[in-house]
Amino acid sequence: MINPDLILLRFGELTLKGKNRNRFEQAVIHYTLDVLKDFGELTYRKAYGRFFLELNGAPYPSVASKLSKIFGIQTFSPVLRRSHDSEAICTAAVQVMEGLSKRPQTFKVSVKRTWKEYHHDTQEMNPMIGGAVLRAFPGLKVDVHEPDVELRVEIREEGTYIFSDIIPGAGGYPVGSNGKAMLMLSGGIDSPVAGWLSMRKGLEIEAVHFHAFPFTSERAKQKVIDLSLHLAGYTRKIKVHMVPFTEIQTRLNAMGQPNLMITLMRRAMFRITERLADLNGAKALVTGESLGQVASQTLPSLNAIGSVVDMPLLRPLITMDKEDIIRIAHRIGTYDTSILPYEDCCTLFVPKSPSTNPNINVLERIEGRAAWLEEEIEKAVKDTESFMLSHLFDTGYAPKQEGIEVSLSEDMERFF
Ligand code: ATP
Ligand code: MG
């Protein structure tokens with residue numbers, strides 16, 4: 001398609017009203033212009049209750065790929081702007097149809113004429129534009145009731161706007177508009193998805209990763225950095241905390257409670273993460289836990305683990321199917337990194353039969369015997385290596401034209 005002149009932006013969360021909506025819009029616009037500043041002279045304009053980005057020649061595909069990663073933008077449309085000349089309008093209408101991301105079978109033209117002095121009325125415009133499109137695309141049909149696409153033509157005093165494609169954005173709330181939380185980020189499939197869903201809800205995320213160097217390799221650490229960079233693609237930067245966990249893990253292991261090992265380890269991790277949250281001004285912890293997925297994610301296990309912290313525990317995946325989690329992982333670009341085979345610290349000591357029903361009193365008794373635990377937790381917090389990652393380069397993730405549509409599995413879709 002020829003480069004559009006403008007992009008029409010639509011913001012999310014329709015329930016927001018008045019001042020809140022205003023704040024929401026301002027936050028998204030401010031962030032959008034900042035993300036797009038490398039493209040030079042992009043300008044933003046609000047007209048007739050609509051939000052437009054003037055491309056001023058900036059290449060649409062690159063701008064669109066950035067826009068599709070901005071939280072708060074629900075959908076957007078490339079728009080051609082022409083004079084009032086009917087021939088120019090018809091040519092542009094054909095160009096818009098040519099540029100659609102999906103070939104339609106049927107279409108309809110919707111002309112809106114807000115400039116009443118325009119010499120043609122909509123009754124004349126509809127067939128004129130429709131006819132031009134039909135001549136250009138033999139086989140395409142008009143369907144005024146349920147068209148595959150609607151070709152919109154808006155005639156305003158300063159010019160005519162022609163558009164059709166509606167590209168889904170990342171949706172959700174503007175970056176950081178709902179406070180900050182610590183994401184417990186393993187190298188697996190789930191926790192990056194949990195992080196992305198939290199970011200989409202407007203949470204600023206700091207990633208906390210527990211590594212057991214030298215039992216786990218540098219490459220395992222790099223994998224977590226790569227995942228964090230992917231997440232940073234949606235917010236431009238992310239703070240990462242690498243917690244040395246070898247000592248705690250080894251000493252817990254030496255206590256000879258193989259079936260409770262994972263639970264004991266997780267309890268230590270949660271305590272450390274809560275302290276890091278306090279130190280960094282975060283108000284909640286986020287995990288990738290999903291009910292019933294493994295022994296440590298039964299209800300008694302989740303309780304036994306979660307009971308060691310006071311902060312709210314957010315588990316965005318708790319009732320989700322693995323299939324849906326994987327689908328999101330693909331769409332946000334973390335899947336391929338997540339399935340790389342490098343070991344995680346927790347897989348090192350996986351017992352043959354981990355307890356699915358750990359007893360909190362028993363756990364507390366065991367921990368009571370570990371006089372060293374508190375000191376080691378403090379030490380792990382103190383020795384945590386923290387750094388800021390910026391999304392300075394493209395991590396290779398190129399969103400597809402249709403943007404980030406988080407769809408449900410076929411199973412779920414059938415159900416609804
Ligand atoms: P994931 O795919 O996120 O690794 P999982 O299904 O493999 O999840 P577990 O290994 O039981 O589940 O981990 C449950 C949650 O605990 C993870 O989603 C993550 O939030 C946290 N977690 C596990 N290992 C680590 C780690 N090494 N560092 C930080 N958080 C971790
Ligand atoms: Mg895991």
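Name the residues in region 51-68 that are of a type in the set (D, E, K, R) and in contact (Cβ under 8 Å) with a residue 40 or more places away in the chain, would you?
Matches in region 51-68: Glu54 only.
Just name the residue that is farthest from ligand 2 (Cβ to nearest atom) out of those in region 185-206 that are among the small types (Gly, Ala, Ser) and under 9 Å from Val286 (Cβ atoms).
Per the criteria, the residue is Ser198.
When the residues of region 52-86 are filtered to those that are part of a strand (DSSP E or B) and of a type in the set (D, E, K, R), which remaining residue is farthest from Ser198 (Cα to Cα)?
Arg82
For region 283-307: of the residues being polar (S, T, N, Q) and under 25 Å from the mean Cα position of the chain (by Cα), which is nearest to ligand 1 (Cβ to nearest atom)?
Thr287
Kindly indicate which of Lys180, Lys221, Lys239 is within 16 Å of ligand 2 (Cβ to nearest atom), over 15 Å from the mean Cα position of the chain (by Cα) and open to solvent by 30 Å² or more (accessible area, probe 1.4 Å).
Lys221
If you go through region 199-216 one residue at a time, how many are near ligand 1 (Cβ under 10 Å from one of its atoms), in contact (Cβ under 8 Å) with a residue 40 or more places away in the chain and part of a strand (DSSP E or B)?
Here the count works out to 3.
Step by step: first the residues of region 276-293, then only those that are within 13 Å of Leu183 (Cα to Cα) and part of a helix (DSSP H, G or I), then the one that is farthest from ligand 2 (Cβ to nearest atom). Which residue is that?
Asn280
Select from region 254-275 the residues that are in a loop (DSSP other than H, G, I, E, B) and touching a residue at least 60 places away in the same chain (Cβ under 8 Å) and list them in ascending order.
Met255, Gln257
Out of all the residues in region 177-198, which are within 16 Å of Glu274 (Cβ to Cβ) and either away from ligand 1 (no atom under 11 Å from the Cβ) or out of contact with any strand residue (DSSP E or B) (no Cβ under 6 Å at 6 or more places or on another chain) (or both)?
Gly179, Lys180, Ala181
Can you pull out every residue in region 92-148 that is under 25 Å from Tyr48 (Cα atoms), open to solvent by 90 Å² or more (accessible area, probe 1.4 Å) and part of a loop (DSSP other than H, G, I, E, B)?
If the condition is that a residue be under 25 Å from Tyr48 (Cα atoms), open to solvent by 90 Å² or more (accessible area, probe 1.4 Å) and part of a loop (DSSP other than H, G, I, E, B), then Lys116, Glu117, His119 are the ones that fit.
Gly306 - would you say it is in contact (Cβ under 8 Å) with a residue 24 or more places away in the chain, in contact with a Phe, Trp or Tyr (Cβ under 6 Å, 6 or more places away or on another chain) and either outside the structural domain of Pro214 (by the TED database) or open to solvent by less than 20 Å² (accessible area, probe 1.4 Å) (or both)?
Taking the combined requirement at face value, the residue does not satisfy it.
The values are calculated or read from the model by the stated rules, or taken from the named source; none is laboratory data. Owing to the predicted nature of the structure, the values given are computational and were not obtained by experimental measurement. Cβ atoms come from the backbone with ideal geometry, glycine included; neighbour counts cover every protein chain shown. Accessible surface is based on the protein model in full, side chains and every heavy atom, while ligands, DNA and RNA are left aside. Shrake-Rupley method; radii C 1.70, N 1.55, O 1.52, S 1.80 Å.
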